[in-house]
Amino acid sequence: MNLAHLLLRSARSRGEHPAVYLGTELLYDYTSLATRAATLARSLTELHGLQPGDRVGLFMSNDPAVLEILFGCWWAGLAVVPINPKLHPREADYILAHSQASLAFTTADIGPALAGLDAPTSALRELISVEQAGYAALLRGREPLAAPVERRGDDLAWLFYTSGTTGRPKGVMITHRNLMTMTLCYFSDVDPVQPDDAALYAAPMSHGAGLYSLPHVLAGARHVVPASGGFDAAEVLALGRHFGSVSMFAAPTIVRRLVEQAVAQGEDGTGLKTIVYGGGPMYVEDIQRALRVMGPRFVQIYGQGESPMTITALSRQQLMDTRHPQYLARLGSVGVAQAAVELRVTDAQGNDLPCGETGEVVLRGDSVMAGYWRDDAATAQTLRDGWLFTGDMGSLDAHGFLTLRDRSKDVIISGGSNIYPREVEEALLHHPGVAEVSVVGRPDSDWGEVVVAFVVASEGAQLDPLTLDDVCREHIARFKRPKEYHLVDALPKNHYGKVLKTELRARLAAKPAP
Ligand code: AMP
């Protein structure tokens, strides 16, 4: 089934209901959103000659037009290629070339740099900025395409380029069935949605926030693109108060900033119904503080492009169940498998490991990608016998709660023992003067690798290696303690806020051991 049917259904059953806002200003109801998408579908096929299956790029800042473009493309049977707007135009050009997109939409703030690239490699016939008259013309003067073009569950809906903390990004082939599965799991495992709820797009719509537009379209809920186009903590709190019942996806760093702002304003996030966090590790200290300040507004998900937003979830109830004997362990976990997912933890040979032992997280289910676009070798390495090998290391407990350790490539092997950087990071974060920390391994002739911590101090805090070492002694085995501490102003991060451990390792390689 074509995902565009979700929009058609809401337009038929609740056409007058408000659909899209820019800030607090209502732009369209569901009837107009569907008409715009269906007219765009007609223009893309008749005027631009696109055929079902063709790819369309979206190199756009968060903008209300993203919604009608996503659904308009699906309506026409096309596949979308959303690209993080913070990428360098050359990186966007690589993705457009690799995905063989023939047309792309853009916004005026970033489009010109892409259009102005010399010697682009992509073979774009057209780059259409949504602010220009040419775009408005695509949405007028043509009969809307009455019904979405027929698509099967296996057909490509979204080519998701991985955030690429190493090497070139790969194009994850996400099908209509994958996203339908993600949508239904949102209701069963993350949060039920009511028509009066509002999805707030404070994180890039090219990633999780945009994927989560789907359950909100199916529920006929409201969609709010903040006037700033991105994340501004004070604006998010104000939009929460204005709309009430707001849901949003946020990476852990964004949650931390939101909590700081709430504290500064003496607020508790009233009006924010659900903050779905994930995409990177949320440390126990941080989520405890968030719950203290803002209360039961949080749900955690663990997913990856290869099984979009849909591997495990830690529910609102589980996050609030403070009296459970395993409460703290559960807070540090990513919860239990979502409804559509079968989950295992395996050793290097693919055998199941007993509870409590750490191995690679593997899964199967209808949320799992079809493979990597034009990359059979990577597909064969990642999808084996119908199972997705995530590259994440973790362990399951007897109740099915998964605790992630680290990506397999981030595990440090020192003196033959595996050390999971996350455990050392959690230990160091107990120190109130530590704002952020990232732990990596440095090659060492004696030990194989030694543990090195990069630490960002909280404002005004004075840190020294001895006190940091004391904190580690209190919480973790001696052999896991960092041998070196580097105090830095900030950690290098990619455009989704993930720490670039590869860059930290490169810094160490460039500097001899002290
Ligand atoms: P991406 O494909 O860019 O969304 O990145 C997915 C990766 O982010 C996963 O394979 C995990 O390593 C990490 N990740 C996602 N969600 C979580 C989470 N809730 N906790 C810890 N790591 C996460």
Strands (runs of 3 or more DSSP E) (entirely within region 372-427) containing at least 1 residues that are away from the ligand (no atom under 16 Å from the Cβ) and touching a residue at least 60 places away in the same chain (Cβ under 8 Å): 412-414, 417-419
Qualifying residue in region 261-276 (condition: open to solvent by 20 Å² or more (accessible area, probe 1.4 Å), within 27 Å of Thr312 (Cβ to Cβ), within 19 Å of the chain's Cα centre (by Cα) and within 16 Å of the ligand (Cβ to nearest atom)): no
Members of region 107-117 that are in a loop (DSSP other than H, G, I, E, B) and either of a type in the set (A, V, I, L, M) or open to solvent by 70 Å² or more (accessible area, probe 1.4 Å) (or both): Ala108, Asp109, Ile110, Leu117
Lone qualifier among Tyr201, Tyr186 - being surrounded by 23 or more Cβ atoms within 10 Å (Cβ to Cβ), more than 13 Å from the ligand (Cβ to nearest atom) and more than 21 Å from Ala337 (Cα to Cα): Tyr201
Close pairs from region 488-512: first surrounded by 13 or more Cβ atoms within 10 Å (Cβ to Cβ), partner among the basic types (Lys, Arg), Cβ under 6 Å, at least 6 apart: His495/Lys86; Val499/Lys493; Leu508/Arg442
Pairs, first of a type in the set (Val, Ile, Thr) in region 296-320, second outside any strand (DSSP E or B) and near the ligand (Cβ under 8 Å from one of its atoms), C-beta under 6 Å, six or more apart: Ile301/Gly278; Thr312/Val334
Enumeration of residues in region 331-351 that are open to solvent by 30 Å² or more (accessible area, probe 1.4 Å) and more than 14 Å from Phe389 (Cβ to Cβ): Val336, Ala337, Ala339, Ala340
Conditions (1) in contact with a His (Cβ under 8 Å, 6 or more places away or on another chain); (2) over 27 Å from His98 (Cα atoms); number of the one not met by Arg374: (2)
Index of the failed condition, Phe479 passing every other in (1) away from the ligand (no atom under 16 Å from the Cβ); (2) of a type in the set (Phe, Trp, Tyr); (3) within 27 Å of Ala250 (Cβ to Cβ): (3)
Every residue from region 349-371 that is assigned to a loop (DSSP other than H, G, I, E, B), touching a residue at least 12 places away in the same chain (Cβ under 8 Å) and at negative phi: Leu353, Cys355, Glu357, Thr358, Asp366, Ser367, Val368, Met369, Ala370
Some residue of region 432-443 being away from the ligand (no atom under 16 Å from the Cβ), assigned to a loop (DSSP other than H, G, I, E, B) and within 23 Å of Arg481 (Cβ to Cβ): yes
Search result, residues across region 118-143 that are surrounded by 11 or more Cβ atoms within 10 Å (Cβ to Cβ), at pLDDT 90 or above and in a loop (DSSP other than H, G, I, E, B): Val130, Glu131, Gln132, Leu139, Arg142
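Does Ile95 satisfy the criteria of being open to solvent by less than 10 Å² (accessible area, probe 1.4 Å) and touching a Gly at 6+ places or on another chain (Cβ under 8 Å)?
yes
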Enumeration of residues in region 29-52 that are under 17 Å from Asp197 (Cβ atoms) and among the hydroxyl-bearing types (Ser, Thr, Tyr): Tyr30
Candidates Leu145, Leu156, Leu139, filtered to the one that is among the aliphatic types (A, V, I, L, M), within 18 Å of Leu96 (Cα to Cα) and away from the ligand (no atom under 16 Å from the Cβ): Leu156
Index of the failed condition, Pro281 passing every other in (1) within 16 Å of the ligand (Cβ to nearest atom); (2) more than 22 Å from Ser188 (Cα to Cα); (3) crowded, with 21+ Cβ neighbours inside 10 Å: (3)
Subset of region 292-317 that is open to solvent by less than 20 Å² (accessible area, probe 1.4 Å), farther than 18 Å from Leu156 by Cβ and aliphatic (A, V, I, L, M) - its residue that is farthest from the ligand (Cβ to nearest atom): Met294
Unmet criterion (only one of (1) assigned to a helix (DSSP H, G or I); (2) in contact with a strand residue (DSSP E or B) (Cβ under 6 Å, 6 or more places away or on another chain); (3) closer than 30 Å to Asp196 by Cβ; (4) not polar (S, T, N, Q)) for Arg9: (2)
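The values are calculated or read from the model by the stated rules, or taken from the named source; none is laboratory data. Keep in mind that what you see is a predicted model, and the values were worked out from it rather than measured. Cβ coordinates were reconstructed from backbone atoms using ideal geometry, including for glycine residues, and neighbour counts include every protein chain displayed. Remember, those area values only see protein heavy atoms, side chains included, never the ligands or the DNA or RNA. Shrake-Rupley method; radii C 1.70, N 1.55, O 1.52, S 1.80 Å.
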